[in-house]
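The next block holds one structure in the form of C-alpha cells; read it before the comments.
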Amino acid sequence: MPDIRLPDGSVKSFDRPVTAAEVAQAIGAGLARAALAARVDGKLLDLSHRIDADCALEIVTERDPAALELLRHSTAHLLAHAVKELFPEAQVTIGPVIENGFYYDFSYKRPFTPDDLAAIEKRMAEIAARDLPIARRIVPREEAIRFFRDQGELYKAEIVAAIPEGEEISLYTQGGFTDLCRGPHVPSTGRLRVFKLTRVAGAYWRGDPRNEMLQRVYGTAWARKEDQDAYLRMLAEAEKRDHRRLGTQLDLFHIEDEAPGMVFWHPKGWVLWQQVEQYMRRVCRENGYQEVRGPIVLHRRLWELTGHWENYREHMFTTESEKRDYAVKPMNCPGHILIFKTRVRSYRDLPLRYAEFGACHRNEPSGALHGLMRIRGFTQDDGHIFCTEAQILDECVAYTELLRKVYRDFGFTDIVYRVATRPQKRIGADDAWDKAEQALMEALRRSGVAFEVAAGEGAFYGPKIEYSLKDALGRLWQCGTIQVDFFMPGRLGAEYVAADNTRKTPVMLHRAIIGSLERFIGILIEHYGGAFPLWLAPEQVAVLNVTDRQAGYAEQVAARLREAGFRAVADLRNEKISYKIREHSLQKLPYQLVVGDREMQAQTVAVRTRNGEDLGAMTLEAFVERLRDEAMAR
C-alpha cells in the first residue's frame, strides 16, 4: 500500500489505494478546500488521480505557479459549456491556454456579437455557481470518435482521429457537457470564480484560409479578483496605446488590402523610421561593422544548400523565370556568405562584421498578420559576424553589452535573456551543437545576467540567445538575437586561411539588435503611447502665431530651429490659439512655441511642453540649447 512523501519530508502511509483529494483531506480540511490539483512525482494531475504505489506528492493550490494555467484551462472548458447551452448548434473545436488567458474556437452559423459575449459570460457564471464536479474518464479511440459524431461534434471527432496510436484519450465531463482533453482540471466548476471574456475574432480552422472561418472567443481568468482588475486596466491602457490606432491618429502609416502585411509609410512615419535606422547605422559604424547590400531574389539552389528549401519553404515567397525557380529572401545570411566568399580571407581579417538593413519577405498566414507587429514585408537591422571558434565568446559578450546600451537609448532597461537550444528538426552534428550552446550560456554568465533555457526552440541551423525587452505596460517583446552557426558557411563553401596556412570554415554569428524595424517601431509607439522622446519625435516643435501680425516672426523662428537641426513646423492657420494648442497636443509634439505681439517685440518665444507645462518666455538661443541638451541625453 502506498507511502506518500510530502514536500516537508514527512510520509503518510495508507492501507489502500487513495486519490490525491483523499490525501489532501488526510493532511487537513483547510488544504482539501484549497486544493486544485496534485503534483505526483513531478507530474501535474487531477485530484481524482488514484495513487496505488509509493510516490512524492504535492497539493497544488492557488498559490502554486501552475495554478493560473490550471484555472485558465478549466475556464476555457467552462466557456465551451456555456456556448453549448446557449447555442446548441455550435460545434466546439480547440480551446488552449495562452499568455494571460485562453481562447476557444467555435463553428457557428454567424459571428458572435457583443451581446452574445455578455450572455455567454453570464451563463459561465451560472454554471460555475452550480459547482458541478469535473470527472475524467479514459476511452478507446473509436468510442470517442463515435461519441463526438453522435453529438454532432465533427471537429472533435477529427481531432480524436488525428491523435497518434498509443496515446491515451481522455474525456472530461461537467454536468451535461463532455469535452476531449488531456487535463488536468480543477475538481469542480465552483473553483472558477474570477474570469472575463474580452473579445471575439475570426480564425481559420487549423490556421488554413482554405478551411472554415471559426469564431474565436478570448478570455482571461485569475485566482484573485484584484489581479484580474489590474490586468484589465492594463488591457484598457494597451488599447489606448495600440500602434494601429496611434498610427492613424498621428498620421504615421497605414496598411492596404492591396498589399496585405506590407506597410505604407506616411511622411511623419518615415521621419520616425529614419531616426531609428540612422541611429542603428551609427551604432554599426562605431562597433566595427561594414554595411553591405544584397539582392532580394535568389536562386532556389542557394536555398537548397543552406537548408531553407527543405526546412523553411512554406514561409517563403517563390517565383519562376525562364524555367528556373527563385525565392524572395526571408533572411539575409546566405547573401552575406556570398559576399564573404568573393576573395581569399585570412584569419587576420576575422572577426569580420557585416551589417545590412535588408528587406525580407516571409509568407505569414493572413490570420496572423497584426499591424506592424506581424507582417510579410519587413526590414531587419541584420548583421553577421564571421569569426574563429576561439572568438565566439568575446563577440557574444561584446554584443550583449552593445544591445543593452541600444535598448537603454530607446528607453528600455528591463531585459529577459533566454538561450534557445537545438530543435528536433535541425542540421549538423550534435558535438557542434554542444559547443555552440555552451558558448552562448558562458557568454551570458560572463555578462553577469541570469537567463532561462528554452529547450528545443533554436533555429534549425543553430542555437541562439533571445533578448526580450519589457515595455511601459510590463509586456515582453522578443527583439534581439544572436545565433551561433557552425553549418551554413560550410554548406556554401566559405573558408579562410588559418595561421598554419590551412583552409578552415569560419563560424557565423547571426545577430539582430532590434530585429524588424517595422515591429520595433510598433513597440516604440505603444511603449511611449505616441509621445516620443525629443530625439525620436517626427515633429519636435510647433510654432504657433496668435494673430496674422506674428506670422512672419513665427516662420522666422521655425526656420531658425530647422537651421539648428530640429524638426519644426509653423502653424499659421487663421484659428484661435486655444484650438491650435489643443490640436498639436493631440499630435503629442514635445514642444509648442506660442508667439504673440509681446514675444515678437522681445524676440522671445513662450514655451509649452507636451504635458501642458508653461515654461514661460525665453530667447530662441536658450530654447535651442535646451533642445540640444535634451536630444543628447536621449
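The values are calculated or read from the model by the stated rules, or taken from the named source; none is laboratory data. Quantities reported herein were computed from a predicted structural model and do not represent experimental measurements. Positions of Cβ are backbone-derived with ideal geometry, glycine not excepted, and every protein chain shown enters the neighbour counts. For the accessible areas, the whole protein counts, side chains as well, though only heavy atoms, and no ligand, DNA or RNA atoms are used. Shrake-Rupley method; radii C 1.70, N 1.55, O 1.52, S 1.80 Å.
What is the sum of charges, Lys and Arg at +1 and Asp and Glu at -1, for the other residues whose Cβ falls under 13 Å from the Cβ of R50? Display every interim value, and only then the final one.
Details: positive: R16, R136, R137; negative: E22, D46, D52.
Cβ neighbours under 13 Å give a net charge of 0.
How large is ³J(HN,Hα), in whole Hz, for each residue of region 471-484 in order, when computed from phi with the Karplus curve 6.51 cos²θ - 1.76 cosθ + 1.60 and θ = phi - 60°, using x for Gly and Pro?
Result, ordered by residue: 8, 4, 9, x, 7, 9, 10, 7, 10, x, 7, 9, 10, 9 Hz.
Where in region 264-336 are there GluC sites (Glu not before Pro) that are in a DSSP coil and have at most 15 other Cβ atoms within 10 angstrom of their Cβ? Walk me through the numbers before you get to the answer.
Details: sites: E277, E286, E291, E304, E310, E314, E320, E322; in loops: E322.
Passing both the DSSP loop test and the Cβ count: E322.
Give me the angle, in degrees from 0 to 90, between the Cα long axis of helix 114-129 and the longest principal axis of the Cα atoms of the chain, rounded to the nearest 10.
40 degrees
Please work out the ratio of the alpha-carbon Rg of region 84-228 to 2.2 N^0.38 Å and round it to two decimals.
Numbers: Rg = 15.5 Å, N = 145, 2.2 N^0.38 = 14.6 Å.
Compared with the compact-globule rule of thumb, region 84-228 sits at 1.06.
Quick one: Debye curve from the alpha-carbon atoms of region 577-634 only, equal weights, vacuum; give me log10 I(q)/I(0) at q = 0.12, 0.31 Å⁻¹ to two decimals.
So the normalised log intensities work out to -0.29, -1.25.
Kindly state, to the nearest 0.05, the FRET efficiency for Q274 paired with A398, given R0 = 25 Å and r defined as their beta-carbon distance. Show your work: numbers first, answer last.
Working: r = 27 Å, r/R0 = 1.08.
Efficiency at R0 = 25 Å is approximately 0.40.
Among 325-334, 101-110, how do they line up from the highest to the lowest mean number of other beta-carbon atoms within 10 Å? Mind showing how you got there, number by number?
Working: 325-334: 20.3, 101-110: 18.7.
Packing proxy ranking, top to bottom: 325-334, 101-110.
Based on the alpha-carbon gyration tensor of the chain and its eigenvalue square roots a ≥ b ≥ c, which shape applies: rounded if a/c is under 1.5, prolate if not and a/b is larger than b/c, or oblate?
In terms of gyration-tensor shape, oblate.
Loop-only check: which trypsin sites (Lys or Arg not before Pro) in region 418-482 are DSSP coil with at most 13 other Cβ within 10 angstrom? Intermediate results must be reported in sequence, preceding the final value.
Numbers: sites: R418, K425, R426, K435, R445, R446, K464, K470, R475; in loops: K425, R426, R475.
When the trypsin sites (Lys or Arg not before Pro) of region 418-482 are filtered for loop state and at most 13 Cβ neighbours within 10 Å, K425 remain.
Mind checking the per residue accessible area of region 479-634 for me, 1.4 Å probe, whole number of Å²? Let's see the in-between values first.
Details: 6560 Å² over 156 residues.
I get 42 Å² per residue for region 479-634.
Which value does Rg/Rh take for region 392-465 over its C-alpha atoms, Rh per Kirkwood?
Radius of gyration over Kirkwood radius for region 392-465 works out to 1.01.
Counting only the backbone N, which residues of region 31-64 are under 17 Å from the spot 7 Å out from the Cα of R16 toward its beta-carbon?
48-53
Would you kindly calculate the mean projected area, averaged across all directions, of the convex hull enclosing the Cα atoms of region 374-506, in square nanometres?
Reported value for the Cα convex hull: 9.7 nm².
Where the centroid of each part is defined by its Cα atoms, how far is region 98-139 from region 564-591 in Å?
Result: 49 Å between the Cα centres.
Explain nothing, just compute: Karplus ³J(HN,Hα) = 6.51 cos²θ - 1.76 cosθ + 1.60, θ = phi - 60°, for every residue of region 622-630 in order, whole Hz, x for Gly and Pro.
Taking θ as phi minus 60°, the curve returns 5, 5, 4, 5, 4, 4, 4, 4, 5 Hz for region 622-630.
Using a 7 Å offset from the Cα along the Cα-to-Cβ direction at both I296 and E167, what is the distance between the two label points in nm, to one decimal?
Going by the 7 Å Cα→Cβ label model, 4.1 nm.
Given a 1.4 angstrom probe, what's the average accessible area per residue across region 186-236, in square angstrom?
Accessible surface, normalised per residue, equals 51 Å².
Tally Lys/Arg at +1 and Asp/Glu at -1 over every other residue whose Cβ is under 14 Å from the Cβ of L572; what's the total? Provide the component values of the computation, followed by the final result.
Details: positive: R549, R573, K576, K580; negative: D548, E555, D571, E575, E583.
My count for the surroundings of L572 gives -1.
Over region 1-135, average the accessible area per residue using a 1.4 Å probe and give it in Å², no decimals.
Counting only protein heavy atoms, the per-residue value for region 1-135 is 48 Å².
Give me the Å³ per residue figure for the convex hull around the C-alpha atoms of region 507-634.
123 Å³
Tell me, what is the percent relative contact order of the chain, built from C-alpha pairs under 8 Å that lie six or more residues apart?
Working: 1171 pairs, mean separation 55.5, N = 634.
Averaging sequence separation for qualifying contacts and normalising by length gives 9 percent for the chain.
Sort region 337-378 into rounded, prolate or oblate with this rule: let a ≥ b ≥ c be the square roots of the eigenvalues of the Cα gyration tensor; rounded if a/c is under 1.5, and if a/c is not under 1.5, prolate when a/b is larger than b/c, oblate otherwise.
Taking the square roots of the gyration eigenvalues as a ≥ b ≥ c, region 337-378 is prolate.
With point charges of +1 on the Cβ of Lys and Arg and -1 on the Cβ of Asp and Glu, referenced to the Cα centre of region 41-83, which listed residue (A66, L45, A82) lies farthest in the positive direction of the dipole?
The listed residue farthest towards the positive side: A82.
I need the Kirkwood Rh of region 1-138: take the reciprocal of the average 1/r across all distinct C-alpha pairs and report it in angstrom. It would help to have the intermediate numbers written out before the result.
On the way: mean 1/r = 0.0588 Å⁻¹.
One decimal place: 17.0 Å for the Kirkwood radius.
Place the peptides 230-242, 551-563 in order of packing, highest mean first, counting for every residue the other Cβ atoms within 10 Å and averaging per peptide.
Descending packing order for the listed peptides: 551-563, 230-242.
Any idea what the alpha-carbon Rg over 2.2 N^0.38 Å comes to for region 425-572? Don't jump to the answer; show the numbers that get you there.
Numbers: Rg = 24.9 Å, N = 148, 2.2 N^0.38 = 14.7 Å.
So region 425-572 has a normalised radius of gyration of 1.70.
Which three extents, in whole angstrom, do the alpha-carbon atoms of region 293-436 cover along their principal axes, largest first?
The Cα atoms of region 293-436 stretch 46, 42, 33 Å along the principal axes, largest first.
Using the alpha-carbon centroid of each, what span in Å lies between region 478-550 and region 395-416?
Region 478-550 and region 395-416 have Cα centres separated by 12 Å.
Alpha carbon centre of region 318-367 versus region 275-303: separation in Å?
One Cα centre to the other: 10 Å.
Per the Kirkwood formula on distinct C-alpha pairs, the Rh of region 307-380 is how many angstrom?
On the way: mean 1/r = 0.0681 Å⁻¹.
Result for region 307-380, one decimal place: 14.7 Å.
Filter the cross-link list K225/K464; K435/K470; K341/K464; K196/K240; K464/K504; K196/K464 down to pairs whose alpha-carbon distance in this structure exceeds 28 Å.
Values: K225/K464 38 Å; K435/K470 30 Å; K341/K464 24 Å; K196/K240 19 Å; K464/K504 23 Å; K196/K464 37 Å.
Over 28 Å Cα-Cα: K225/K464; K435/K470; K196/K464.
Distances over 15 Å make up what percent of all Cα-Cα pairs in region 70-127? Don't skip to the answer; put the middle values down first.
Working: 770 of 1653 pairs.
That fraction is 47 percent.
For region 384-401, in order, what is each residue's ³J(HN,Hα) by Karplus, 6.51 cos²θ - 1.76 cosθ + 1.60 with θ = phi - 60°, in whole Hz (x at glycine and Pro)?
Coupling constants for region 384-401: 9, 10, 8, 8, 8, 4, 5, 8, 4, 4, 4, 5, 5, 5, 5, 5, 4, 5 Hz.
What is the calculated FRET efficiency for D431 to M262, with r their C-beta to C-beta distance and R₀ = 45 Å, to the nearest 0.05? Mind showing how you got there, number by number?
Details: r = 42 Å, r/R0 = 0.94.
E between D431 and M262, to the nearest 0.05, is 0.60.
How would region 364-417 be classified by its alpha-carbon gyration tensor: rounded, prolate or oblate, with rounded meaning a/c under 1.5 and the a/b versus b/c comparison settling the rest?
On the way: a/c = 2.98, a/b = 1.60, b/c = 1.86.
Note, shape of region 364-417 comes out oblate.
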